[in-house]
Structure formats: C-alpha cells, structure tokens
Amino acid sequence: GIPSIGVTGTIDNDITATDYTVGFDTAMNTVLGALERFADTCESHARCNVVEVMGRDCGQIALMTAIASGAIAVAIPEVDFDEEAALARIKAAREAGKRGMLVVVSEGVFYDEGNGIKVPYGEYFRSKCEAETGVETKFARLAHMVRGGHPTLRDRLTASRMGVKAVELILEGKSNLVVIEEDGKYVPMDIVFALTTDRMYKNKLKDGDLDAFTPEQIEEMKAICAKKKALITSIAASVDKLGL
C-alpha cells in the first residue's frame, strides 16, 4: 500500500535486467587494490597467489579485476574454466622467467570431489597448481571485506542519478518499479518483471513464475538474459587474447 520505487544495488552486478548495479565499481576497486598488494609479494617471493573474491552467481568482479590486475588466469561460474590450459600457462610463464603470478577465482566456482562433496575451487586449484607446476602457490579469500569501504565516484554518481529518477517516478504517482541502467540511461522497469528475469537467467524459475506474463514479455526476458550472457562470454574470451 506504500508507493515504492527500487534502485539496483549489489556489489556483484548480478541483477540481470540492469547493465549496472550500485556498489560494483567500489567492490572492483577494493579487490584491485588487494590484488596489487598480493602481486607485490608474489613478485618478491617468486610465487603464485590464488585469490577468491565475492560473486556467488555472477563472476564479473573476478573477471574484471583479473583483467585489470594482469592475472594469469580467472575462473568464474558462467564460463567453463580450462584448468589444464591455465596450468600450462603458469608453467610456461615461470620457464620464461616470470616471478609473480595471480589467479582470480569467483566464490561461485567449486570442485566436485564426488559423493556430493564440493569444495571451493580456489583452494583446490592452489594445491593442484603447486603440485603440477612447481611454483609455490598461496591461497587468499577476500570475503566480506570487499563489501565495505568508501564508494567510488562512479557509484556515488550512479546512486544519485538513480535516486533522482526514483523520486521523479514517485512524484508522477508511479509505483512497483525499479530504476535500471540501460545503455547509459536510467529507466523504470516493472519490479516483478525484473525479478523474474533475474530468476530466469540464474535458472531459478519455479512453476507458475511466468504465468502472469505475455509471450512477448517472456521473449523480452529471454533477450535480456541472452544479452547478459553474451557480454560476459565475450569479455571472458578476451582473457586469452590479452595474454594473461
């Protein structure tokens, strides 16, 4: 009964219907600062550090910061990780004289040990990396420290502009909407449509979730999901081209 307009805020950038969520840039910069510090020690001690970052269903923090920090490999939930290629790359880099290396892993990636037992992939890969490459390898989990800190300029501006749009919509007598970023613009979207699209992308739809929507709306949801998947896949494909 209370007029409500939402804005998208989550550090993982994992709300499918929007291009950007408030908190994402701050989290990435927090992770990047930590990776740079790990890189200093890796270079000094001639070792590799596997760093797990937040991102349960969405690996964008890991993916973006891996590229920005010059990590040698990155593992995210959305894209199959070529473990053997990564190990070969680490071994070749050491043989070529590279001292320090980083591997960034999203917390949403696991290694299946069988019998229903899954372990965090970063911990598993640390052991395998050291055993198969001979490079001393450490593991670190940044966990919830990534959620804190001072917001970046990008996030302050985005939050302010989304907030302005939300108030404008309230003053227009509208409700049950969420403000999203789409192609650089801040636009409203039905909040139930946005939440259902998110469940569709994450394969969490339940029976009846789509009953209230028209075939055209369902196709629109599918198009949004395909756009998000294509974006992450294309960025992940650039990792090898960058020579990480």
Could you run through region 1-46 and say how many residues are of a type in the set (A, V, I, L, M), open to solvent by less than 40 Å² (accessible area, probe 1.4 Å), part of a loop (DSSP other than H, G, I, E, B) and closer than 25 Å to T197 by Cβ?
2
Can you confirm whether G122 is open to solvent by less than 40 Å² (accessible area, probe 1.4 Å), under 20 Å from the mean Cα position of the chain (by Cα) and at pLDDT 95 or above?
yes
Which residue pairs have Cβ atoms under 6 Å apart, sit 6 or more places apart or on different chains, and have a first residue in region 61-85 that is among the acidic types (D, E) and a second that is surrounded by fewer than 21 Cβ atoms within 10 Å (Cβ to Cβ) and not in a loop (DSSP other than H, G, I, E, B)?
E78/I232
Cross-chain or 6+ apart pairs with Cβ under 6 Å, region 160-175 first and touching a residue at least 24 places away in the same chain (Cβ under 8 Å), then open to solvent by 70 Å² or more (accessible area, probe 1.4 Å)
M162/V7; A166/V7; I170/P3; S175/P3
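Would you point out the residue of region 128-170, among those that are of a type in the set (A, V, I, L, M, F, W, C) and open to solvent by 90 Å² or more (accessible area, probe 1.4 Å), that is nearest to Y20 (Cα to Cα)?
Here is the first cut: in region 128-170, the ones of a type in the set (A, V, I, L, M, F, W, C) are 129, 131, 135, 139-140, 142-143, 145-146, 153, 157, 159, 162, 164, 166-167, 169-170.
So of that shortlist, the ones also open to solvent by 90 Å² or more (accessible area, probe 1.4 Å) come out as 145, 153, 157.
Working: M145: 21, L153: 14, L157: 12 Å.
That would be L157.
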Output the number of the condition that D57 fails; it satisfies all remaining conditions of (1) touching a Lys or Arg at 6+ places or on another chain (Cβ under 7 Å); (2) under 21 Å from N203 (Cβ atoms); (3) outside any loop (DSSP other than H, G, I, E, B).
(3)
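The values are calculated or read from the model by the stated rules, or taken from the named source; none is laboratory data. In this text the structure is predicted, and so the values were computed from the model without any measurement. With ideal geometry, Cβ positions are generated from the backbone for all residues, glycine too; neighbour counts draw on all protein chains shown. Heavy atoms of the whole protein, side chains included, go into the accessibility calculation; ligands, DNA and RNA do not. Shrake-Rupley method; radii C 1.70, N 1.55, O 1.52, S 1.80 Å.
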